[in-house]
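Read-outs throughout are calculated quantities, based only on the coordinates presented, and are distinct from any laboratory measurement. Computed from a predicted structure; not experimentally measured. Every residue, glycine as well, gets a Cβ built from its backbone with ideal geometry; the counts of neighbours run over all protein chains shown.
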Amino acid sequence: MPIHTSETDAIAALHEFTALWSQLFPPEQARIIQLLVRRVTVTNAGLEVDIRREGIAGVIREMVAPRRLEAAE
């Protein structure tokens with residue numbers, strides 16, 4: 001069953017992201033980066049980072065789902 005995320009839930013999850021990030025193990029951080037980043041290109045002008053739009057939605061769903069489960073208990 002798909003989990004639908006409201007804009008409010010998404011914003012709340014993103015505000016909590018920094019605290020969450022510092023608690024993750026490096027392999028978990030790498031998994032999230034792989035979900036979010038399609039490609040990084042190094043140029044003379046700097047870095048170009050292509051973001052996966054669908055990856056952002058997936059990360060937000062994963063962050064919101066545990067909160068919803070806790071609220072249901």
Among residues other than G55 whose Cβ falls under 13 Å from its Cβ, what is the net charge (Lys/Arg +1, Asp/Glu -1)? +3
Check which residues have an amide H placed less than 5 Å from V37's amide H, if you skip close sequence neighbours. R52
Quote the FRET efficiency, to the nearest 0.05, computed for F17 versus A45 with a Förster distance R0 of 35 Å and r equal to the Cβ-Cβ distance. 0.80
